[in-house]
1. Gain in length, ARG227 to ASN361, computed as 0.36 nm per residue apart minus the alpha-carbon separation, to one decimal in nm?
2. What's the ranking of 456-467, 368-379 by average number of surrounding C-beta atoms within 10 Å, highest first?
3. Using a 1.4 angstrom probe on heavy atoms only, work out the carbon and sulfur share of the accessible area of the range 362-477 in %.
4. Between ARG347 and THR235, what is 0.36 nm times their sequence separation minus the Cα-Cα distance? Round to one decimal in nm.
5. Return the long-range amide H neighbours of LEU406 (sequence gap of 5 or more, or a different chain), with a cut-off of under 5 Å between placed amide H atoms.
6. Could you rank the peptides 341-347, 429-435 by their average count of other C-beta atoms within 10 Å per residue, with the highest value first?
7. Evaluate the distance, in nm, between pseudo-label points positioned 7 Å from the Cα of LYS370 and of MET293 along their respective Cα→Cβ axes.
8. Would you work out if the range 1-67 is rounded, prolate or oblate? Take a ≥ b ≥ c from the square roots of the eigenvalues of the alpha-carbon gyration tensor; rounded if a/c is under 1.5, else prolate when a/b is larger than b/c, oblate otherwise.
Amino acid sequence: MKKILLTGATGYIGKRMISVITEQGYKVVCCSRDVSRFSKPAGIDDNLIEVIEVDFLKEETLKNIPADISGAYYLMHSMSTSDNYEESEKICAQNFVSAIEKTECEHIIYLSGLVNQKELSKHLNSRFNVEKILIESKIPTTVLRAGIIIGSGSASFEIIRDLVEKLPIMITPKWLTTKCQPIGIANVLDFLIFTLFKKETYGKSFDIGCDDVLTYKEILLGFAKIRGLKRTIVTLPVMTPKLSSYWLYFITSTTYSLASSLVGSMKIEVICDKESLAEIKKITGVKPLSYEMALQRTLAKIQANEIRSSWKDSFVSSRNDSSLKEFIEVPHFGCFKDVRSEKYDDREKCLNRVFGLGGKNGWYGQSLWKVRGFLDVLVGGPGLRRGRTHPTQLHEGDALDFWRVLYASREEGKLILIAEMKLPGEAWLMFKLYKGKLWQKAVFRPKGLWGRLYWFSVLPFHGLIFKGMLRKLAADH
């Protein structure tokens with residue numbers, strides 16, 4: 001059985017590729033910077049999946065890559081992590097090539113962005129540089145270039161959805177008249193898997209997209225039509241890239257760094273080369289869905305709560321730490337704590353309420369949480385805009401509004417969250433069902449004097465926030 005190395009296995013595309021690869025009869029070797037936060041997709045035979053801890057910015061971890069891999073997917077992108085992501089992406093690609101050339105790998109596939117203009121944005125230029133590094137390696141490489149990906153949980157789609165569903169009238173930047181060629185997530189996965197080991201694709205780059213060439217304005221209005229919403233869009237030439245980035249940041253659930261990268265790319269037309277698209281369609285047999293069909297399919301998945309991955313759950317979407325391991329054990333020394341308990345009425349119902357916190361389900365004491373979320377957005381944090389990927393299920397590594405899930409076990413009746421809001425310190429929130437009671441512990445480890453002042457300034461509100469929330473979680477009052 002051939003082994004396929006999958007980088008970016010906890011990312012938006014990578015999570016979905018796990019089942020796609022195993023369905024084709026391959027064993028998938030998933031790379032994760034932190035194996036403790038890797039959640040194996042349901043329904044996959046344990047014999048068909050292997051998880052290894054690799055950080056391509058740390059050469060000492062590359063030895064964990066097995067020598068007997070036959071193919072590899074390069075699905076790593078870093079544009080939401082820092083301002084200097086270009087250098088990080090270059091180093092990752094170089095280290096990847098150095099490691100993969102020591103294996104039995106026969107084929108590398110890289111998912112890049114459409115780069116069909118001489119003048120590229122910072123984001124697209126970085127991806128093009130990675131493409132060149134991979135193509136120049138000793139191992140045959142195929143590059144698939146995609147524009148906007150339409151799929152439940154993709155950053156592009158979530159921005160489109162936020163804008164259309166929140167704003168009846170949109171005052172927008174001039175880049176909304178720029179043309180693009182979207183593609184449905186299902187077709188992206190099809191192209192990725194049906195290109196594997198196709199020798200006629202070796203050493204080549206291909207553009208992938210649907211047949212529809214649309215402006216971003218048409219993209220938004222097309223979504224509004226499918227949703228049955230009447231929307232008016234007014235385009236202004238005076239909105240600078242910086243102002244446009246702030247506009248996206250405050251209106252949608254994206255981070256500012258990601259918004260800035262996307263705005264830079266949206267000023268440039270991203271349209272597939274017709275011959276390139278026709279060639280890869282012929283080789284793979286993939287027939288891309290239209291934009292409208294991709295939208296309808298995506299909305300149906302959302303309606304059925306079948307969102308398999310989200311860009312917000314990717315670890316790089318908000319934190320700069322390379323590992324969550326050090327945070328899983330909630331600290332005791334040098335910390336402020338708020339510990340409370342309440343008898344629960346029914347274990348299963350109580351668990352449902354705890355594991356259903358956040359997102360559209362909300363937080364008990366919602367108005368105060370909304371105020372805290374708004375204040376967080378003002379200082380550059382995620383606020384409550386990220387929501388949650390699934391309305392009832394939580395997994396390690398999932399984003400949950402301005403928290404991230406560190407540990408989630410219904411069997412143990414335990415949920416641990418770490419704060420990703422802007423704070424002068426580190427904060428944890430833990431729930432545990434034990435001996436007929438629901439225990440709730442809030443822990444804050446301050447950084448310096450400002451951290452201590454922050455804790456005492458919010459202390460008067462803890463009784464309102466935590467006591468009320470605990471009572472409603474423990475029993476259906």
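1. Difference between extended and current length: 46.1 nm.
2. The peptides rank, most packed first, as 368-379, 456-467.
3. 62
4. Length gained, ARG347 through THR235: 35.0 nm.
5. Here the answer is GLY397, ILE416, LEU417, ILE418, since their amide H atoms fall under 5 Å of that of LEU406.
6. Listed from highest to lowest mean packing, they are 429-435, 341-347.
7. 4.1
8. Prolate is the answer for the range 1-67, as a/c is 1.5 or above and a/b outweighs b/c.
The values are calculated or read from the model by the stated rules, or taken from the named source; none is laboratory data. On a predicted model such as this, the values are computed, not experimentally measured, just so you know. All Cβ positions, even for glycine, are placed from backbone atoms using ideal geometry, and neighbour counts span all protein chains on display. Heavy atoms of the whole protein, side chains included, go into the accessibility calculation; ligands, DNA and RNA do not. Shrake-Rupley method; radii C 1.70, N 1.55, O 1.52, S 1.80 Å.
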